[in-house]
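Bear in mind that the values in this text are calculations on the coordinates, not laboratory data. These numbers were taken from a predicted model, which means no experiment stands behind them. With ideal geometry, Cβ positions are generated from the backbone for all residues, glycine too; neighbour counts draw on all protein chains shown.
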Amino acid sequence: MERSFIETEDGSTSLYVPALNEHYHSVHGAVQESRHIFIQAGIEFYGQENISVVEAGFGTGLNAYLSLIHAETRHCSIRYTTLEKYPLSEDEIKALNYPSLLPFDRPELFNRLHTSPWEEEIALTPRFTFLKRRTDIREWQSDTQADIVFFDAFNPEVQPHLWTTEVFRRFHESLKPGGILVTYCVKGIVKQALRDAGFSLKRLPGPPGKREMLRATKA
Ligand SMILES: C[S@@+](CC[C@H](N)C(=O)[O-])C[C@H]1O[C@@H](n2cnc3c(N)ncnc32)[C@H](O)[C@@H]1O
């Protein structure tokens with residue numbers, strides 16, 4: 001997949017995919033968006049000290065790195081599983097500026113998110129356990145029950161096959177009762193597919209540049 005670099009408005013880097021005319025993050029701020037949707041409306045809202053997260057779309061590793069920082073600075077423990085079909089190249093990873101931009105400056109941990117082996121769960125820190133699965137989001141089979149799903153695939157306009165009832169049903173099954181799925185997308189077809197998969201929905205204020213986001217809960 002051909003990709004090019006951009007700097008978003010909060011100074012953090014992101015990637016652009018010309019073939020899809022899609023960005024990996026909001027051009028208004030990659031770190032700002034990721035914190036708002038996944039850390040604040042996801043992990044912080046959920047509020048438990050020992051959680052398991054599944055991410056659809058590892059990409060730059062930003063959501064995973066912010067989760068690791070959360071675990072380390074808030075003294076909670078996170079078991080993080082992430083799914084990715086099109087990993088970044090070494091050069092792309094080197095060009096990302098997240099470790100130098102964030103107050104928790106641990107570039108070696110950010111690099112290990114990318115260099116750690118696929119399909120092998122490792123304790124990156126005593127509080128953050130990490131498993132990277134090289135798989136298509138549609139083919140993933142859960143073997144444990146998660147607390148939170150970060151659903152971060154490309155926009156349904158370019159990847160409609162990933163935002164279906166069938167895919168969401170699988171994530172619904174993978175969650176504990178009371179578990180949540182958070183995503184940036186509030187499109188009508190996405191809301192309908194999530195409801196059909198069994199979720200109840202709440203629209204929340206989005207990050208700067210985006211009016212709303214979604215949190216879906218398993219009853
Ligand atoms: C919006 S970007 C994700 C951004 C990522 N969470 C981050 O923090 O950089 C979407 C991600 O989904 C991945 N992806 C796209 N189609 C996929 C598929 N069918 N299965 C697994 N991953 C896929 C892309 O390669 C990309 O990394």
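Taking the criterion of being surrounded by fewer than 17 Cβ atoms within 10 Å (Cβ to Cβ) and under 20 Å from Tyr24 (Cβ atoms), the residues of segment 98-110 that qualify are Pro99, Ser100, Leu101, Pro107. When you look at Asp152, is it among the acidic types (Asp, Glu) and crowded, with 21+ Cβ neighbours inside 10 Å, yes or no? The answer is yes for Asp152. Scanning segment 137-160 for residues that are in a loop (DSSP other than H, G, I, E, B), within 18 Å of Leu181 (Cβ to Cβ) and within 14 Å of the ligand (Cβ to nearest atom) turns up Ile137, Arg138, Trp140, Gln141, Asp152, Ala153, Phe154, Asn155, Pro156, Gln159. What is the residue count in segment 69-112 for residues that are among the aromatic types (Phe, Trp, Tyr), farther than 22 Å from Glu44 by Cα and more than 15 Å from the chain's Cα centre (by Cα)? Summing the residues that are among the aromatic types (Phe, Trp, Tyr), farther than 22 Å from Glu44 by Cα and more than 15 Å from the chain's Cα centre (by Cα) in segment 69-112 gives 0. Reported count of residues in segment 183-219, each being in contact with a Ser or Thr (Cβ under 7 Å, 6 or more places away or on another chain), hydroxyl-bearing (Ser, Thr, Tyr) and either surrounded by 14 or more Cβ atoms within 10 Å (Cβ to Cβ) or touching a residue at least 60 places away in the same chain (Cβ under 8 Å) (or both), is 1. Would segment 123-136 turn up any residue that is under 18 Å from the mean Cα position of the chain (by Cα), more than 26 Å from Ser12 (Cα to Cα), within 16 Å of the ligand (Cβ to nearest atom) and not acidic (Asp, Glu)? Yes, segment 123-136 has at least one match. Restricting attention to segment 1-53, the residues being surrounded by 15 or more Cβ atoms within 10 Å (Cβ to Cβ), among the charged types (D, E, K, R) and not in a loop (DSSP other than H, G, I, E, B) number 3. Inspect segment 190-210 for any residue being in contact with a strand residue (DSSP E or B) (Cβ under 9 Å, 6 or more places away or on another chain), among the β-branched types (Val, Ile, Thr) and part of a loop (DSSP other than H, G, I, E, B) and give the result as yes or no. No, the conditions are met nowhere in segment 190-210.
Filtering segment 161-189 to residues that are outside any strand (DSSP E or B) and of a type in the set (A, V, I, L, M, F, W, C) leaves Leu162, Trp163, Val167, Phe168, Phe171, Cys185, Val186, Ile189. Is it the case that Gly61 is at positive phi and buried (at least 22 other Cβ atoms within 10 Å of the Cβ)? Considered against the rule, which asks whether it is at positive phi and buried (at least 22 other Cβ atoms within 10 Å of the Cβ), Gly61 comes out as yes.
Apart from one condition, Glu72 fits all of (1) in a strand (DSSP E or B); (2) more than 14 Å from the ligand (Cβ to nearest atom); the exception is (1).
Go through (1) crowded, with 19+ Cβ neighbours inside 10 Å; (2) farther than 27 Å from Asn50 by Cβ; (3) touching a helix residue (DSSP H, G or I) at 6+ places or on another chain (Cβ under 7 Å) one by one and return the number of the condition Ile180 breaks. Only one criterion in (1) crowded, with 19+ Cβ neighbours inside 10 Å; (2) farther than 27 Å from Asn50 by Cβ; (3) touching a helix residue (DSSP H, G or I) at 6+ places or on another chain (Cβ under 7 Å) is unmet by Ile180, namely (2). Is it true that Phe151 is closer than 26 Å to Ala19 by Cα, among the aromatic types (Phe, Trp, Tyr) and in contact (Cβ under 8 Å) with a residue 40 or more places away in the chain? The answer is yes for Phe151.
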